[in-house]
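Report on one structure; see the data block that follows.
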Amino acid sequence: MTVREQKDQTIWLDENYPDAVRIIDQRVLPFAYREMTVDSVEGMAEAILTMAVRGAGCIGVSAGFGMYLAALEARGLNSAEADGHLRASADKLLATRPTATNLSWAVALQLNALSGIENESERVQKARAIATEILDDDVSSCRRIGEIGLELIRDLHIKHGRRINILTHCNAGWLAFVKHGSATAPIYAAQDAGIPIHVFIGESRPRNQGALTAWELNGAGIEHTYLVDSAVGHIIQHGEVDIVFVGADRVSMNGDAANKIGTYLRALAARESNVPFYVNFPSSTLDPNSRNGMTEIEIEERPQTEVTHVSSVVDGKSVAARVLDASSPARNPAFDVTPHEMITSLITERGLCDANPMALAEMFPDYVAKAS
């Protein structure tokens with residue numbers, strides 16, 4: 001079964017039971033496709049924490065719907081109790097994953113919109129409307145990123161007159177958002193435009209999320225090759241990559257970008273070989289309160305077991321096999337930060353933006369204004 005025969009987005013309201021949210025359970029991909037129902041704030045927090053939903057955009061949309069579930073749970077409470085439940089729910093969602101700014105952005109948007117609404121029916125309707133707005137904004141932003149990135153691929157195709165080789169990292173595809181993705185949006189747009197492309201995908205250990213990108217591209221019929229992470233520098237060095245597109249989980253106002261661990265190494269290799277390196281993200285990923293990503297972006301440390309074990313499916317059953325002696329410790333930083341001077345340009349739904357404070361302030365004056 002291909003991707004196109006399955007649900008074409010990561011999260012949606014259940015048509016038969018609008019008090020619940022449906023998601024694609026990404027923990028079983030790429031070996032199986034499974035949808036699941038989330039009908040509580042606790043369930044949504046667990047889904048985010050365990051990475052049933054993952055990726056900056058998808059986490060943000062999930063948090064928005066988590067606050068909708070909180071509004072549903074607050075029915076029957078008096079105004080003060082409802083307000084307390086919403087704030088407690090917000091704290092629970094915010095505690096799940098610290099690096100992706102989309103999560104805190106979506107929660108703050110909901111809290112601000114719901115503040116002062118005493119009628120429970122009105123509160124629920126408002127929370128649902130805001131969650132839907134966050135979802136729709138994610139879709140339209142990623143579509144626009146694809147249109148902008150397409151022109152970069154088109155220019156390379158005209159220049160070289162051949163297939164364009166694209167490198168991406170981790171999964172910043174539609175699985176990480178709602179539709180289109182950020183890093184993959186130009187790839188899908190190029191395919192639709194009939195431009196011949198080939199995509200290199202690193203495995204993105206320790207969780208092998210590059211396999212999710214391979215699953216996406218395979219379902220879309222896009223030519224691609226999967227590599228071990230340590231091979232990426234070699235193919236860049238030998239001229240096999242024309243352009244790099246990566247996503248981001250948080251971008252500071254000086255242009256530093258936090259993304260899946262290993263992104264910095266790809267940026268180093270790309271700069272050394274004069275390969276353009278683009279960071280694609282919707283503006284909800286921009287952190288107005290971070291002036292220096294290298295010192296101010298919190299890097300999530302995940303469990304050692306993700307490094308010491310590998311997960312797979314054997315005879316239809318999920319298994320985890322140890323790859324390191326039990327006496328050896330491991331570290332598992334989930335993200336790294338690529339300094340702004342190593343980034344060719346940022347691609348947002350507002351356009352191409354140089355990765356420096358002046359350019360970001362010019363393109364995002366509203367973010368400068370709301371910085372605390």
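Laboratory data are not the source of any read-out in this text; all were calculated from the coordinates shown. Model, not experiment: these values are computed from the prediction. Here the Cβ is made from the backbone with ideal geometry for all residues, glycine too, and neighbour counts use every protein chain on show.
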Give a quick list of trypsin sites (Lys or Arg not before Pro) in the stretch 131-218 that DSSP marks as loop, anything other than H, G, I, E or B, with at most 15 other Cβ atoms within 10 Å.
-> R162, R163
Dipole moment magnitude, nearest 20 debye, the chain about Cα centre, only Lys, Arg, Asp, Glu C-beta charged | 660 debye
How would you classify the stretch 236-352 from its alpha-carbon gyration tensor, with a ≥ b ≥ c the square roots of the eigenvalues: rounded for a/c under 1.5, else prolate if a/b is greater than b/c, otherwise oblate?
-> prolate
Gap separating the Cα centres of the stretch 257-272 and the stretch 281-346, nearest whole Å = 13 Å
Quick one: Debye curve from the C-alpha atoms of the stretch 179-248, no solvent, what's log10 I(q)/I(0) at q = 0.12, 0.21, 0.22, 0.23 Å⁻¹?
-> -0.31, -0.97, -1.06, -1.15
Give me the number: length gained by fully extending A80 to A330, i.e. 0.36 nm times residue separation minus the C-alpha to C-alpha distance, one decimal in nm.
-> 85.4 nm
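If exposed GluC sites (Glu not before Pro) are those in a DSSP loop with at most 12 other Cβ within 10 Å, what is the longest stretch of the chain that has none?
119-297
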First measure r as the distance between the Cβ atoms of E240 and Y17, then evaluate 1/(1 + (r/R0)^6) with R0 = 45 Å and state the FRET efficiency to the nearest 0.05.
-> 0.40
Place a +1 charge on the Cβ of each Lys and Arg in the stretch 148-370 and a -1 charge on the Cβ of each Asp and Glu, then give the dipole magnitude about the Cα centre in debye, rounded to the nearest 20.
-> 320 debye
Spacing of the two label points (7 Å from each Cα toward its C-beta) at A321 and T132, in nm | 4.8 nm
Per DSSP H run of n ≥ 4, the term is -39500 (n - 2.57); total these for the chain, divide by its residue number, and report the mean residue ellipticity at 222 nm rounded to 500 deg cm²/dmol.
-> -13000 deg cm²/dmol
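Using only alpha carbon pairs under 8 Å that are at least six residues apart, calculate the relative contact order of the chain and give it in whole percent.
15 percent
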Ranking of H238, H340 by count of other Cβ atoms within 10 Å, fewest first = H238, H340
When averaged across all projection directions, what area in nm² does the alpha-carbon convex hull of the stretch 148-370 cover?
-> 13.5 nm²
Net length gained if the chain between R163 and L352 were fully extended (0.36 nm per residue, minus Cα distance) = 65.7 nm
Among P206, P329, P98, determine the one that fluctuates most according to a GNM of the chain built with springs between C-alpha atoms less than 10 Å apart.
-> P329
Stokes-Einstein translational diffusion, the stretch 3-137 - Kirkwood Rh over all Cα pairs, 1.567 mPa s, 4 °C, in µm²/s | 88 µm²/s
Of the residues L103, S121, S89, the Cα lying farthest along the dipole of the chain towards its positive end, which is defined by charges on the beta carbon of Lys, Arg, Asp and Glu, belongs to L103
Cα extents of the chain along the three principal axes, largest first (Å) | 66, 55, 44
Do any trypsin sites (Lys or Arg not before Pro) in the stretch 28-129 lie in a loop, going by DSSP, with at most 13 other beta-carbon atoms within 10 Å of their beta carbon, and if so which?
-> R34, R75
Using a simple charge model, +1 on the beta-carbon of Lys and Arg, -1 on the beta-carbon of Asp and Glu, nothing else, what dipole does the stretch 36-171 show about its Cα centre, in debye to the nearest 20?
-> 820 debye
Cα-only Debye scattering, the stretch 324-372: base-10 log of I(q)/I(0) at q = 0.13 Å⁻¹ = -0.49
Enumerate the lysines that K92 could reach by cross-link, defined here as Cα to Cα under 25 Å, with residues fewer than 8 away along the same chain left out.
-> K126, K260, K370
The chain: antiparallel DSSP beta bridges as a percent of all, rounded to 5 = 55 percent
Out of the stretch 266-372, which trypsin sites (Lys or Arg not before Pro) are coil in DSSP terms and have no more than 12 other C-beta atoms within 10 Å?
-> R331
